[in-house]
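Here, each number is a calculation from the coordinates, and none is a lab measurement. The structure displayed is predicted, hence computed values, not measured ones.
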Amino acid sequence: ARAMQAHLDAYAAAAARRAQEVTQVVGAALVDDRQRVLVAQRGSGPLAGLWEFPGGKVEPGESEVSALVRECREELGVGIAPEAFLGEVPLDGVVAGGVPGASTLRLYGGRIIAGELVAHEHSELRWLGPDELEGLAWIPADRPLLPAVRDLLARG
Ligand code: 9L3
Ligand code: MG
């Protein structure tokens, strides 16, 4: 029984370590009052030229919503109000040295409540309607989230 307990303890410790290594990524589907959503083209790195919902990595000890607000301020120069959680998709490969396959992209709806949009990190920003989303060259991770975003836009 003691050997079994030691085994379980070691397993729990390994699971806790793994959980810490997971780099969570959050994205924002920012909508305006004309049923459009903000999309952003990555300006550099291996995904340059591809489109995404803006956002980035959650820092250790930071909540997802705080990370979302911080990333939108850093990347877009705006204050946002996060709204509904829209969905989650796995990110392939290793994100920031974490466990392969362990990271996910979690998308939240939101609205701009302060500031003027500036593309601090992206090469281009566009406001698009529900019928204009499918045709973009998306980061593969973001594409499965499009139906949820279209639903959000349809709800107004
Ligand atoms: N990523 C994918 N889709 C998104 C976002 C915001 C991020 N909508 C991926 C790209 C990077 C990783 O997550 O591999 C971290 O994102 P960032 O910090 O480079 O924006
Ligand atoms: Mg980013």
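Phi-derived couplings, Karplus 6.51 cos²θ - 1.76 cosθ + 1.60 at θ = phi - 60°, listed residue by residue for segment 129-145: x, x, 8, 9, 7, 4, x, 6, 7, 7, 4, x, 4, 7, 4, x, 8 Hz, with x used for Gly and Pro. Distances between placed amide hydrogens fall under 5 Å for Gly56 paired with Val26, all partners being 5 or more residues away or on another chain. Each residue of segment 6-15 was assigned a 3J(HN,Hα) from its phi angle through the Karplus expression (A = 6.51, B = -1.76, C = 1.60, θ = phi - 60°), giving 4, 4, 5, 4, 4, 5, 5, 5, 5, 5 Hz with x at Gly and Pro.
Here the contact order of the chain, divided by its residue count and restricted to Cα pairs under 8 Å and six or more residues apart, works out to 30 percent. Estimated from helical segments only, the mean residue ellipticity of the chain at 222 nm is -9000 deg cm²/dmol, where each DSSP H run of four or more residues counts as -39500 (n - 2.57).
Note that segment 1-80 shows a convex hull volume over its alpha carbon atoms of 138 Å³ per residue. Treating each Cα of the chain as an identical point scatterer and summing with the Debye formula, the log10 of I(q)/I(0) at q = 0.08 Å⁻¹ comes to -0.26.
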